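Worksheet for the structure shown next.
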Amino acid sequence: MGETKRFRILTLLLAMSLFSGCLSSSGNGADDKNIGSNAANNSPTISGSPNLATLVGDVYSFTPSANDADDDSLTFSILNLPRWASFDSATGQLSGQTFLGDEGVYGAIRITVSDGKESASLTDFSITVTQSALGFMTLSWTAPTENTDGTPLMNLAGYKLYYGLSQGNYPNQVRVDNPSISTYVVENLLPDTYYIVATSFNSLGVESAYSNVAVKAVTSD
């Protein structure tokens, strides 16, 4: 116990670009501090990957996933609700249809879940309403199988994909909570050049450093 081990990150392939890196994990430390604790209340968790763009005339809908280890009743709230959208405080669903005149960027949107005592929020995101056609990019990878010391990797839990419009700035995140998944399609992207990095995480929630960067030009074709 207490010995820090590191294991290899996934190899992520994007347009013939190769990611590599490493992931550290700990069998005893801050990341598993809640295991076996006598805490009276656990914070809820929230996750999800909202579409960041929508076409004029389309119906937009996003519902985050939320859980509470104590099975407390959960409620949702939102900051900077777009004018064309509505929000359900019972489910966290953000939805609405856009029309001509709604074009623009609706930023700093934050969805929060609360159990009445503690809360958790998604990373702030924006939604761009446009009349331009949207594109997509497909990411695929090979899962790591061993620690860097050569021992088998037994507790891989999933992956996170981060992307943005400039290198070193990745405000958008996709979380994949299934380690057996090896492909993900990011949809509803505005035509632009995207910079993507990846990480792996283990069952204790310990996450690797970023991989090296892949660059993908997304078109509307």
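Annotations
- The phi torsions of the stretch 191-204, fed into the Karplus equation with coefficients 6.51, -1.76 and 1.60 and a -60° offset, translate into couplings of x, 5, 9, 10, 10, 10, 10, 9, 9, 10, 9, 9, 5, 8 Hz, rounded to whole numbers, with Gly and Pro shown as x.
- Remark: relative contact order (the stretch 45-130) = 37 percent; criterion is Cα-Cα distance under 8 angstrom and separation of 6 or more residues.
- Percent RCO, i.e. relative contact order, over the stretch 154-221, from Cα pairs under 8 Å lying at least 6 residues apart: 36
- Anisotropy class of the stretch 128-179 from Cα gyration tensor, a/c 1.5 cut: prolate
- Ordering of 152-163, 93-104 by burial proxy (mean other Cβ atoms within 10 Å per residue, highest first): 152-163, 93-104
- Multiplying each eigenvalue of the alpha-carbon gyration tensor of the stretch 80-162 by 5 and taking the square root yields semi-axes of 36, 22, 10 Å, largest first, rounded to whole angstroms.
- Cα-based convex hull volume of the stretch 113-221 per residue, rounded to whole Å³: 136
- Taken one residue at a time, the phi angles of the stretch 135-145 give Karplus couplings (6.51, -1.76, 1.60, θ = phi - 60°) of x, 8, 9, 9, 10, 9, 7, 10, 5, x, 10 Hz. Gly and Pro are set to x.
- Couplings 3J(HN,Hα) of the stretch 45-61, computed from phi: 10, 9, 8, x, 10, x, 5, 9, 8, 8, 8, 4, x, 7, 8, 9, 8 Hz, in residue order, whole Hz [Karplus 6.51 cos²θ - 1.76 cosθ + 1.60, θ = phi - 60°; x for Gly and Pro].
- Extent along the principal axes, Cα only, for the stretch 45-130: 44, 18, 17 Å, with the longest axis given first.
A short reminder: the numbers here are calculations on the coordinates, not readings from a lab. In this text, all values refer to a predicted model and were calculated from it rather than measured experimentally. Neighbour counts run over all protein chains shown; Cβ positions are idealised from the backbone, glycine included.
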